[in-house]
Amino acid sequence: MRALSLAVALLAGDAAAQQATDAIAPEIGAFEAQAASAPVQADEWMVVAAHPLASRAGARVLREGGSAADAMVAVQLVLGLVEPQSSGLGGGAFLVWYDAASGDLTTLDGRETAPLHASPLLFQDAAGQPLAFMDAVVGGRSVGVPGTPMLLAEAHARWGRLNWADLFAEAHDHAAQGFEVSPRMAASIAANADTLDRFAATRDYFLPEGRMLKAGDMLKNPAYAKTLQTFAEEGPAPFYTGPIARQIIRAVQSAPETPGTLGALDLAIYEVRERAPVCAPYRGHEVCGMGPPSSGAIAVGQILGTLAGHDLAAMGPDSAEARRLIGDATRLAFADRGRFVADSDYVPVPVKGLLAPGYLQGRAALLEGPDALREVQPGRPEFDHAQLRGDDDALELPSTSHISIVDRYGNALSMTTTIENAFGSRLMAGGFMLNNELTDFSFSSHEDGRPIANRVEPGKRPRSSMAPTIVLRDGAPVLVLGSPGGSQIIPYVANAIIGHLDWGMDVQAMTDAPHATNRFGTYALEEGTGAAALAGPLRAMGYEVQLQGLNSGLHAISLGEGLQGGADPRREGLAIGE
Ligand code: DON
């Protein structure tokens, strides 16, 4: 308990806590010992989101008989205001929906698209070299067509029960009357003040009169209130063909130094796409989520499938051997992800081949022996129409938000939502931030003459790691979860599922558990937590080990005798249920 609250303070940048943590670190042992609190219990409905005001807006809707889709709209509208560093109407999202009446699972892709003028050279300099990441992020060039406004409307049209305009009350009130800047928002502003300062509208909002907003400041956003009014009255069309579209285009095309090409046609042709859910078996369950353009469900399914033959339950969470198996299974999945996964409307993605039991058995055979894998290569999954591909070099850094909801009708919703980097491109239009999602593409277009699957192409959706997940047993949901974290999302989600299904952790314990992740070879252990105890044994197995902050944002609900909700203590989220 003490270790975890110190870890949280440490993630919030508290130097005194850092010293205290250093002092007690050698005493910290078991992973299980670190659960901070019990999960929130409920009988009828539950919402878990990244900010108390957002969770409360969702709770009001659920209490009034709204569906999980209704509640999600209310939650997202508030998040875009109070957590502007993470998600909002200028971004994109993936949504997984379990429909209690039909038993069907639906996944919706509200991912941003590249403008029609974009080319594979978008993020390269004149010599064909990839740009430095932050040079690519800031400004108009990285902005893709926002998908979130249309996704909210689509979800409401399919599954909503309350009036559309009734879902806007809290967001509109907070925008018009003011809300309190949270510590996390203030810390994000401080960390990004130099880039927020580069664009007038952004500067005026976050750094008024040259002063950084602080935690506890009251902040109004009249431009966002106006956008919400329009959205409530007219639906999503104004974002794609109307006045809000014009504001977006102006912000992107007039961005100093790095204007983008995103224009009226790009917005007008945008579509939310329904995709086939991607499901993988694990311990008698079906782990289901978002297929391409996200790599989330494929990679999570591959990790779990590769581990299926190992008795992780007997090993327990403190076992270095369990961590070797999980870490190397994750590395194998990331090697395949880098080579094969991208927007399947543009490149054939061997989804079935990557998750085929025979293929994963072959990958699992690579884990035999006591030591870390020296080298990890993509495999050769069965492919309908094979193409030679290079490995990509996309980078993903912190922001993003996850929403988990179960309503009184038994529907379940899992949605991960993002503007990519903290404050996205730093450009603002209509009171909301515009994404930099295009930097999720590979900056390199070729490797040894082979095209990279996730290179930039006109109209394409950048590959994501977002893994909104619903775990089913006998066709009914038992766990709803997801996380922010860039490509760390994949191990956060896979490890949480292992924590719950193999190690018997409840949703709060699995969310609190210290992180240990390995994507590309280096084992990252969450500093200031019991995970540090693994450093020695993992080094002895041959891993390079790094102690670092691992800032997730897991939000989960389990369904069994009742509902249990867990919010990640590393962020400001809250579970509310009745
Ligand atoms: O779609 C993706 O995978 C990324 N744009 C998500 C970014 C993210 O999670 C940053 N996280 N903290």
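Miscellaneous remarks
- Only one of Ala215, Ala237, Ala191, Ala264 that is surrounded by fewer than 21 Cβ atoms within 10 Å (Cβ to Cβ), within 16 Å of the ligand (Cβ to nearest atom) and in the same structural domain as Trp164 (by TED's automatic domain parsing): Ala191
- Inside the stretch 150-198, residues that are part of a helix (DSSP H, G or I), under 22 Å from the mean Cα position of the chain (by Cα) and not small (Gly, Ala, Ser) make up a count of 9.
- Scanning the stretch 438-488 for residues that are at pLDDT below 95 and β-branched (Val, Ile, Thr) yields a single hit, Ile452.
- Entry remark, the stretch 63-88: residues being in contact with a strand residue (DSSP E or B) (Cβ under 9 Å, 6 or more places away or on another chain), away from the ligand (no atom under 16 Å from the Cβ) and part of a loop (DSSP other than H, G, I, E, B) number 1 in total.
- Count of the stretch 91-121 residues which are of a type in the set (A, V, I, L, M, F, W, C) and within 16 Å of the ligand (Cβ to nearest atom): 6
- Residues that are assigned to a loop (DSSP other than H, G, I, E, B) and not basic (Lys, Arg) within the stretch 100-115 comprise Ala100, Ala101, Ser102, Gly103, Asp104, Glu112, Ala114, Pro115, listed in sequence order.
- Considering residues of the stretch 382-421 that are at pLDDT 95 or above and surrounded by fewer than 24 Cβ atoms within 10 Å (Cβ to Cβ) only, the residue nearest to the ligand (Cβ to nearest atom): Asn411
- The stretch 473-527, residues that are more than 19 Å from Ala320 (Cβ to Cβ), in a loop (DSSP other than H, G, I, E, B) and out of contact with any Phe, Trp or Tyr (no Cβ under 8 Å at 6 or more places or on another chain): Asp474, Gly475, Gly482, Pro484, Gly504, Asp506
- Test result for Asp14, modelled with pLDDT under 50 and in contact with a helix residue (DSSP H, G or I) (Cβ under 9 Å, 6 or more places away or on another chain): yes
- All positions within the stretch 298-334 that are crowded, with 20+ Cβ neighbours inside 10 Å and over 24 Å from Gly536 (Cβ atoms): Ile298, Ala299, Val300, Gly301, Gln302, Ile303, Leu304, Gly305, Thr306, Leu332, Ala333, Phe334
- Of the candidates Gly353, Gly305, Gly301, Gly338, the single residue that is farther than 22 Å from Leu534 by Cα, at pLDDT below 95 and assigned to a helix (DSSP H, G or I) is Gly338.
- Qualifying residue in the stretch 488-509 (condition: surrounded by fewer than 24 Cβ atoms within 10 Å (Cβ to Cβ) and under 23 Å from Glu375 (Cα atoms)): yes
- The set of residues from the stretch 116-147 being part of a strand (DSSP E or B) and either outside the structural domain of Asp194 (by TED's automatic domain parsing) or polar (S, T, N, Q) (or both) comprises just one member, Gln124.
The values are calculated or read from the model by the stated rules, or taken from the named source; none is laboratory data. Just so it is clear, the model here is predicted, and its values are computed rather than measured. In this analysis, Cβ positions are derived from the backbone assuming ideal geometry, glycine residues included, and neighbour counts consider all displayed protein chains.
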